[in-house]
Structure formats: C-alpha cells, structure tokens
Amino acid sequence: MRTKARICAFAAALVALLLVPAVAQAKWGSIAIDPITEKIGYARNDPSAAVAKAHAKDRCGTDHCKAALWVFNGYGAVVQKKNGLYISGLGRTKNLAFKDARKRAHDSTAHAVAWVFSGYS
C-alpha cells in the first residue's frame, strides 16, 4: 500500500508541476471597435480580460471605442452584418472563430472585420 500511495503522490505532484506552466501562459486578448469611424484596436497576451479590454480600447484611439470581444487562450473574430451590427465569435482556430461569429449573426455572408489570437504558444 505504501508503494501505491507514493506513486499516487508522485503522480499528483507531477500533474501539478505540469499545470503551473500552462496556467502561467494563460493569456487574454481583445478587440475594440469604434462603430462611427470603424477604427479597431487589438490586445494580445494580457494577464486579464480587464487589462486586455483596456489595451484594445486605448489602441483603438477614439472616445467611442467599445470592446467587441475578449478571448482567453484562443481565437476571437468579429463580423459585421449588412445592417452595421458587429457580432463576435470564438474558436480554436481563426476560421472557427469567424464561423462562430457568422453563426451568431445568423448571416453566413457577414463581412469579416477583425480577428485576434491570444494565449498558448
């Protein structure tokens, strides 16, 4: 029994050591858009959603910029419908993020506006 307990303790410690670098690499990204001027700001690999949104808004450069999306360890994409509405989507790849955005927009022809990747390397 002692051997089993030692193996289990070793396995748990090994898993914990492997997870720490993965969590340390976890990063946030964001896209901000000014709906009036259509300027876009991006943020990548920030430590939190709040920081990523603030960086994207700052990089957008106008007072009317709004965070259109924020993403954790993955891809985010924004599309624009014919009526001007911006819709965001998330995915494991850029194509899947755009596909998700178009699905959420209920418009397979929505115009691709921007995408961002943030997170794991």
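If a residue counts only when it is at pLDDT 95 or above and closer than 9 Å to residue 30 by Cβ, which strands (runs of 3 or more DSSP E) contained entirely in the range 41-121 have at least 2 such residues?
Fully inside the range 41-121 and qualifying: 66-72.
Restricting attention to the range 92-112, report how many residues are crowded, with 19+ Cβ neighbours inside 10 Å and either among the acidic types (Asp, Glu) or touching a helix residue (DSSP H, G or I) at 6+ places or on another chain (Cβ under 9 Å) (or both).
2
State all residues of the range 45-64 that are surrounded by fewer than 23 Cβ atoms within 10 Å (Cβ to Cβ), touching a strand residue (DSSP E or B) at 6+ places or on another chain (Cβ under 6 Å) and either aromatic (Phe, Trp, Tyr) or under 27 Å from residue 107 (Cβ atoms) (or both); if no residue qualifies, say none.
The answer is 49, 57.
For residue 6, work out the one condition from (1) touching a Ser or Thr at 6+ places or on another chain (Cβ under 6 Å); (2) charged (D, E, K, R); (3) at pLDDT below 95 it doesn't fulfil.
If we test residue 6 against (1) touching a Ser or Thr at 6+ places or on another chain (Cβ under 6 Å); (2) charged (D, E, K, R); (3) at pLDDT below 95, just (1) comes out false.
Return yes or no: is residue 37 within 24 Å of residue 87 (Cβ to Cβ) and either among the polar types (S, T, N, Q) or modelled with pLDDT of 95 or more (or both)?
yes
In the range 71-90, how many are closer than 21 Å to residue 54 by Cβ and in contact (Cβ under 8 Å) with a residue 24 or more places away in the chain?
Total meeting the criteria: 10.
The values are calculated or read from the model by the stated rules, or taken from the named source; none is laboratory data. Please read all numbers here as calculations on a predicted model, not as lab measurements. Don't worry about glycine lacking a Cβ; one is built from the backbone with ideal geometry, like all the others, and counts go over all protein chains shown.
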